[in-house]
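Data first, discussion second: the structure below is written as structure tokens.
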Amino acid sequence: MEQNILCEVNNCRYWDSGNKCTASEIYVVSHKGKQALDSEDTDCKTFIPEV
């Protein structure tokens, strides 16, 4: 299944031109327990800085 995952963090190892995420898996967590009320309550744990 083709995935179209967009990301604007261009210093991430998985970022590609066109704001495409090339990671094979995405791990997102809530920093307010098990439920988030909006996107600002979440963090992408897949992020790895480009070296």
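The values are calculated or read from the model by the stated rules, or taken from the named source; none is laboratory data. Computed from a predicted structure; not experimentally measured. So basically every Cβ, Gly included, is an ideal-geometry build from the backbone, and we count neighbours across all protein chains shown. The accessibility values were calculated without ligands, DNA or RNA, using every heavy atom of the protein model including side chains. Shrake-Rupley method; radii C 1.70, N 1.55, O 1.52, S 1.80 Å.
Every residue, every condition in (1) open to solvent by less than 90 Å² (accessible area, probe 1.4 Å); (2) of a type in the set (A, V, I, L, M, F, W, C); (3) out of contact with any Phe, Trp or Tyr (no Cβ under 6 Å at 6 or more places or on another chain); (4) not in a loop (DSSP other than H, G, I, E, B), yes or no:
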position	(1), (2), (3), (4)
10	no, no, yes, no
24	no, no, yes, no
29	yes, yes, yes, yes
36	yes, yes, yes, no
43	yes, no, yes, yes
47	yes, yes, yes, no
51	no, yes, yes, no
> So which residues in segment 23-35 are more than 14 Å from residue 4 (Cβ to Cβ) and touching a residue at least 12 places away in the same chain (Cβ under 8 Å)?
Replying inline: 25, 27, 28, 29, 30, 31
>> When the residues of segment 12-22 are narrowed to those that are in a strand (DSSP E or B) and in contact (Cβ under 8 Å) with a residue 12 or more places away in the chain, which ends up nearest to residue 47 (Cα to Cα)?
In response: 12
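For every residue, the table says whether it meets (1) touching an Asp or Glu at 6+ places or on another chain (Cβ under 9 Å); (2) of a type in the set (A, V, I, L, M, F, W, C).
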position: 5; (1), (2): no, yes
position: 8; (1), (2): no, no
position: 12; (1), (2): yes, yes
position: 17; (1), (2): no, no
position: 31; (1), (2): yes, no
position: 40; (1), (2): no, no
position: 44; (1), (2): no, yes
position: 47; (1), (2): no, yes
position: 50; (1), (2): no, no
